[in-house]
Structure formats: C-alpha cells, structure tokens
Amino acid sequence: MSRRPELLIPIVFEAGNTSLRKVANWRSNRPVIERRLCTNCLICWIYCPEPAIYMDNAGNVQIDYDHCKGCGICAEECPRKAIKMVMENV
Amino acid sequence: MQVSKLLDLYGREGLSPGHSACQGCGATIAVRQVLLAAEPPYIVVSPTGCLEVISTPYPYTAWRVPWVHVAFENAAAVASGIEAALRVLERKGLGRRHKIIVIGGDGGTFDIGLQAISGAFERGHDLLYVCYDNEAYMNTGIQRSAATPIGSVTTTTPAGKRERKKDIVSILVSHGSPYVATASPHLWKDLANKVRKAQSIEGPTFLHIVAPCPRGWYYDSSLTIKIAKLAVETRVFPIYEVENGKYRINYLISRPRPVEEYLRLQSRFAYLLRPENAALLEEFKRWVEERWNQLLKLAAAFPP
C-alpha cells in the first residue's frame, strides 16, 4: 500500500485495500476442501460473506486462508459436502 | 443479459475481502450478490449502518466501486442529487450517466430514511434502492426497528416486540414505483436477475433483501443461508415482485414448512416459543398467513 507519512489528513489511497488486512485470527475452525468430492460448482463462493473463496488458474476452487473468518457457511451449504470444518491448531 | 450460471457473475467483485463484518454476516452476502450482478458503471450510496461500519475501517476501504457514505436519513436524497447532476452533465456533454445504487439497512430504510426515500420515489429519480433487512439496528447493538417482527427480542424490547413489521414494499408500490421486488441471498439467481431488471428500468426501483444476522438473531454463524431459506419456505419472507403495480409471486410456496422450524433456530424467538406466550405466537402465525393470503389475492388479480 502506498502511504505518504507526511499527510495528516485521512486519505485512502487504494480502492478495496481491506484485502491487505489479515482476518485469519478471527477463525477457530478452518474449512478444508476434499478434492475428491469437489466439482468446482462455486456454490461456496456465492454464499461466502468475504469472499474468501476463489478459483485458481487451473479452475479449481481454493480457500483464501488469510481472509477466511471460519463462519462455516461453505461447509453447511456445499451440495456434495466436500468442505469440512477442522479445528485450528494454535 | 440474464444470469443463468455462477460463472456469469464470477470475477465482478465489488467488495474486497478483509472487511470487518462478523462471521457469517448475511448483509455482506446480499450486498456482494447485488454488486456482482449490477451492470457497471454505477455509484453506490450508503447511509450509516452495519454496511458502512464494516466496509470502511480506517484507513482501509472494502469498496472497489465508487461509493458515497452519507448520514442515516438522507441516502436517497443524496442519490437523487447525484443522479440529477449526472443527468445535467450528460446533457451538456461533460460526462456520462452512471447507474445509482443505494444500499441501506432496515433502519435507514424503514425508519430514519423513509421520508428521503419517499421524496426520491415521488420525484421519480432513476435509481435502485436496495434494503438489506436484518430486522433491527444491529450496528448500534440490536435495538428494535420498524422491520423487527412480532415476538423478536431486541435490547429495547426485552420481552419481545408486540407490533407487526412495517410493509415497506406496499409503501413503495403506492408511490407508483415501476419495479419493487423482494429477494433472498439463497436464491442468488433470482436476486441477480432482479438487480439486472431493476437497473434496466428507468425510474426509482426498490429491492428488499432478507439478511440474517448471526449476532442479532442469535444463531450459529454457519446457518445464515439456511435461515434465509427457511424464512422463504415458511412464508415469513415471501419472494415476489411488483411491476407497474402488477403483483407476481416468484417463489410460490404451496406446502409451507411450519413456522416453528424457522423460529426455533433463532434464540431471539426463545421468548415467543415459551408456552405462556402462545397468544403472541398465534399472532405471529396470523401475520404470516394474512400477508400470504393478501399476496395470493393481489397476484390472482393480475393474471400473467
């Protein structure tokens, strides 16, 4: 993020820069995709409040663990039950 | 263009991750889906509310699209001003029209912002007003609003609210709006197509979206979509649209699930479900039934 320290007035320099914040420490359970069952239907993505789910270059659905807050909607709504919530190891 | 599959929406994100919404926030799901479906270029106007607080924690912003935050009561008035200014700029050849989307919560729509909305709809500005309805003032700590249903416990109605929910859709239909609709985030295709349709119609349009709130409705954060689905399937939140005064039910529930199924998942209705409050529960059921029957009659009055 480009921030000029000499400016004292509050200015946001980039659009959508909350993506620089890491909210992973909000989470107590992490969603894990079971590749064998996942069909990349993107249902988890449309129901994710963040969105912390994206498609990689190969077209596979991935979870962005920096921004996932661990709400569990994806695991609840996955039509093939391919997402499991696993307790975080701290 | 109609939305038929999720890939039609993928990659059009208007909201960035990393905002400070609670886990399982229903409002962000609704807003995300609206922005995914909206046709650019557009400008978003937001009154104060959960959405404003969660999307802009200083010095960050979650918005990737032009966004204006204004006071609680005047979002519709500011949106009218932007729309009128852009119309003039276009006429003078100095700019182009943008679509205006106002995204407000139920407090800024049902209570505080109502007169500004009434004014904007009466003047007939070309804007889309989206209300994500989490049925209380969640941002300030779950106070009752006009959108809170009967029997719901909030911090200002500790024994359950006694009054019915305000019927905002009828209010806006009677303003002569060309398009007023309700939607739920679990029916994403229906929601996306309603946003597209509302944007393509000239004039003030309104979209009322149910947005379950895990913090204020007291349920587990993973159940947000399930509760939105139950709200629709128990007829508590009917999905319908009103086009030029013609009612149409988009999601006809012929065999509704029992209302208790919806109520039992949420601790805000724990008081309503106590045996000594059976009369209040009856009143809740009567409210649901009366509204559905009224809708059926209105829809039957306008055959397709």
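The values are calculated or read from the model by the stated rules, or taken from the named source; none is laboratory data. Only a predicted model underlies this, so the values are computations on that prediction, with no experimental measurement involved. Reconstructed Cβ throughout: ideal geometry from the backbone, glycine too, with neighbour counts over all protein chains shown. Ligands, DNA and RNA are stripped out before the accessible areas are found, and what is left, the full protein with its side chains, is counted by its heavy atoms. Shrake-Rupley method; radii C 1.70, N 1.55, O 1.52, S 1.80 Å.
What to note about this one:
- Panel note: contact residues of the stretch B:1-38 (accessible area lowered by at least 50 Å² against the chain on its own; 1.4 Å probe) correspond to B:6, B:10, B:17, B:18, B:19, B:23, B:32.
- Counting only DSSP beta bridges with both residues in chain B, the antiparallel share comes to about 30 percent.
- Inter-label distance for residue B:270 and residue B:97, nm, one decimal - labels placed 7 Å from Cα along Cα-to-Cβ: 5.2
- Charge dipole (chain B, unit charges on Cβ, about Cα centre) - positive-most of B:58, B:299, B:24: B:299
- Cross-link partners of residue B:194 among lysines, defined as those whose alpha carbon lies under 18 angstrom from its own and excluding same-chain residues fewer than eight positions apart: B:5, B:99, B:229, B:246.
- Taking the Cα centre of the protein assembly as shown as origin and assigning +1 to Lys and Arg Cβ atoms and -1 to Asp and Glu Cβ atoms, the resulting dipole is close to 500 debye.
- Other residues within the sphere of radius under 14 Å centred on the Cβ of residue B:118, judged by their own Cβ, net out at -1 (K and R +1, D and E -1).
- Basic side chains Lys and Arg get +1 at the Cβ, acidic Asp and Glu get -1 at the Cβ, and with that the dipole of the stretch A:26-87 about its Cα centre reaches some 280 debye.
- Estimated FRET transfer efficiency when R0 is 51 angstrom, pair residue B:85-residue A:64 (beta carbons, to 0.05): 0.85
- Global geometry of the protein assembly as shown, whether rounded, prolate or oblate, following the gyration tensor of its Cα atoms and the 1.5 cut on a/c: rounded
- Å² of accessible area per residue within the protein assembly as shown, as computed with a 1.4 Å probe and no ligands counted: 43
- A convex hull fitted to the Cα coordinates of the stretch A:20-68 yields 82 cubic angstrom per residue.
- Residues residue B:10 and residue B:215, FRET efficiency given R0 of 35 Å [Cβ-Cβ distance, rounded to 0.05]: 0.75
- Helix B:224-233 vs. chain B, principal-axis angle (Cα, 0 to 90°, nearest 10): 70
- Taking every residue in A:33-42 and counting other chain Cβ atoms within 10 Å of its Cβ, the average works out to 1.
- With the highest mean first, a sort of the peptides B:71-81, B:209-219, B:50-60 on other beta-carbon atoms found within 10 angstrom per residue produces B:209-219, B:71-81, B:50-60.
- Modelled spin-label separation between residue B:71 and residue B:290, with each label point placed 7 Å from Cα along the Cα-to-Cβ direction: 3.6 nm.
- Radius of gyration and maximum dimension Dmax of the stretch B:226-287, Cα, Å: 13.7, 45
- Result for chain B in a Gaussian network model with C-alpha springs under 10 Å: among B:202, B:163, B:276, the largest mean-square fluctuation is at B:276.
- Theoretical gain in end-to-end length, residue B:123 to residue B:302 [0.36 nm per residue, Cα-Cα removed]: 61.8 nm
- Cross-link reach is defined here as a Cα-Cα straight distance under 25 Å, omitting same-chain residues fewer than 8 places apart; for residue A:22 the lysines meeting it are A:69, A:84.
- Extension gain for the segment residue B:251 to residue B:115, taken as residue separation times 0.36 nm less the Cα-Cα distance, is 45.9 nm to one decimal.
- Partner chain coverage, peptide A:75-82 - average Cβ within 10 angstrom: 2
- Only DSSP H runs of four or more residues enter the estimate; each adds -39500 (n - 2.57), and after division by the residues of chain A the mean residue ellipticity at 222 nm equals -1500 deg cm²/dmol.
- Helix-derived mean residue ellipticity, 222 nm - over chain B, DSSP H n ≥ 4, -39500 (n - 2.57), to 500: -10500 deg cm²/dmol
- Taking both sides together, the accessible area buried where B meets A is about 3100 Å² for a 1.4 Å probe.
- Shape category assigned to the stretch B:177-304 from the gyration tensor of Cα positions, a/c cut at 1.5: oblate
- Fraction of antiparallel bridges per DSSP, the protein assembly as shown only, in percent to nearest 5: 45
- With Cα atoms, 0 to 90° folded angle of helix B:26-37 axis to chain B main axis: 40
- Free-standing Cys, chain A [no other Cys Cβ under 4.7 Å]: A:38, A:41, A:48, A:68, A:71, A:78
- FRET efficiency, 1/(1 + (r/R0)^6) with R0 45 Å, evaluated for residue B:1 and residue A:56 via beta carbons: 0.95
- Apportionment of accessible area to carbon and sulfur, the protein assembly as shown, percent (1.4 Å): 54
- Summing charges over neighbours of residue B:261, with a neighbour being any other residue whose Cβ is under 12 Å away from its Cβ, gives +3 when K and R count +1 and D and E count -1.
- If you sort the three axes of the alpha carbon gyration tensor as a ≥ b ≥ c, you get a/c of 1.5 or more for chain B and a/b above b/c, which makes it prolate.
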